[in-house]
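Peer 1: Pasting in a structure now, in structure tokens, and then I'll have a few things to ask.
Only the coordinates and a few stated rules stand behind these numbers; no lab work does. Keep in mind that this is a model prediction, so the values were computed, not measured. All Cβ positions, glycine included, derive from the backbone under ideal geometry; neighbour counts span all protein chains shown.
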Amino acid sequence: MNTWHGLINSDYRRWLPVTPDTPAISLNEGNTPLLRSDHLSATTGCDVWLKVEGANPTGSFKDRGMTVALSLAVESGAETVICASTGNTSASAAAYAARAGVSAAVLVPKGRIALGKLSQAVRHGARIVEIDGTFDDCMRVARELAADHPVALVNSVGNELRLAGQRTVAYEIVDALGEAPDVHCLPVGNGGNITATWGGYRTYLEAGRATRLPRMWGFQAAGAAPLVHGRPVAEPCTAASAINVGNPATWDGAVAAGEESGGLMAAVSDEQIFAAYRMLAGRDGVFAEPASAAGVAGLLDRHARGALEPGLRIVITLSGNGLKDLDASLRDGYTSAETSAATADVARALGLAA
Ligand code: F0G
């Protein structure tokens, strides 16, 4: 008997900014797998765990925040929600809006989002605007529209509510491991998730459910690393499209998470990201989208530089599902054999017969 009914219907509700009257707009998000990676543990000499956020209903961690954002939007009587997105936020907003019976408007950078994500927004019936510009342009326009029109902004910017939902990932990790890890690695784009995850660990410490805090290690793609350089990037460029962000909306929160935790914010190249992407699929059996692999790439980079103490317990957020970006997967190359339907031909192709 499955007793999980989504974050807003779980024990974690007490930490969400909702009242007893708030309706629950849920797709049973959360409660995602936490898997030990034996090979990353062996490689690094650490105890490495993967938090598989691609197992959420729309395939990314965004659902944790969107259940809260849409539940509160419905409670406040909103009829339309709006967001800017590199793809996952729009997919999640569209699905939760459909479930809630409200309209979703999504602004995405034209030609820069994975097709799986665009098709999710299409199928859930969102009004889609493809903007000739970057994600940062979309973000600016979404904020301006929300200020002047009756539409509720569901980006995490200025929306503590969504970040409160995203904090739950830390609660699940501490509840599963019995304590906070030493280090938490994750990819960073718009800055919301590292801010929320850090906030979740702090909430659990204050509540006495953990006795310590992890160091937060955030990783940006080298071509889109404003938080590493300390200034916005006008033309961000990475094949990890989900984190192709030049001017993060939650800039201060992301920097604070790194600094307050004694952690770091560093860059990894697209080559490193795609190597980690292949490794996760090929060794761990987890198909995560490219951006999701940035945390693993970062950990391996630290290890290669001799900057990783052995024996640490490390959790890595794998933020989204690999099925969202099939172009990225097939572009990466693959081999297959083509044969007739004769069993002997297939046996030969497989090297089972001469
Ligand atoms: N990983 C994935 C798969 C994402 O979609 C995002 C952000 C991140 C990591 C970074 O998280 O922005 O909170 O620092 N995607 C946003 C979007 C920008 O529009 O879907 P962040």
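Peer 1: What Rg and what Dmax come out for the stretch 221-265 when only alpha-carbon atoms are used, in angstroms?
Peer 2: 10.6, 30
Peer 1: While we're on this one: Cα extents of the chain along the three principal axes, largest first, in whole Å?
Peer 2: Computed over the chain, the largest-to-smallest principal extents equal 69, 51, 48 Å.
Peer 1: If packing is taken as the mean number of other Cβ atoms within 10 Å per residue, what is the order of 116-125, 145-154, 68-77, highest first?
Peer 2: 68-77, 116-125, 145-154
Peer 1: Given 0.36 nm per residue, what is the gain on full extension from Ala353 to Asp38 after removing their alpha carbon distance, in nm?
Peer 2: Additional length available on full extension: 110.0 nm.
Peer 1: Shifting gears a bit: Going through the stretch 275-339, which trypsin sites (Lys or Arg not before Pro) have at most 15 other Cβ atoms within 10 Å and a DSSP loop state?
Peer 2: Passing sites in the stretch 275-339 are Arg305.
Peer 1: While we're here: Where both residues lie in the chain, what percent of DSSP beta bridges are antiparallel, nearest 5?
Peer 2: Of the beta bridges lying entirely in the chain, close to 15 percent run antiparallel.
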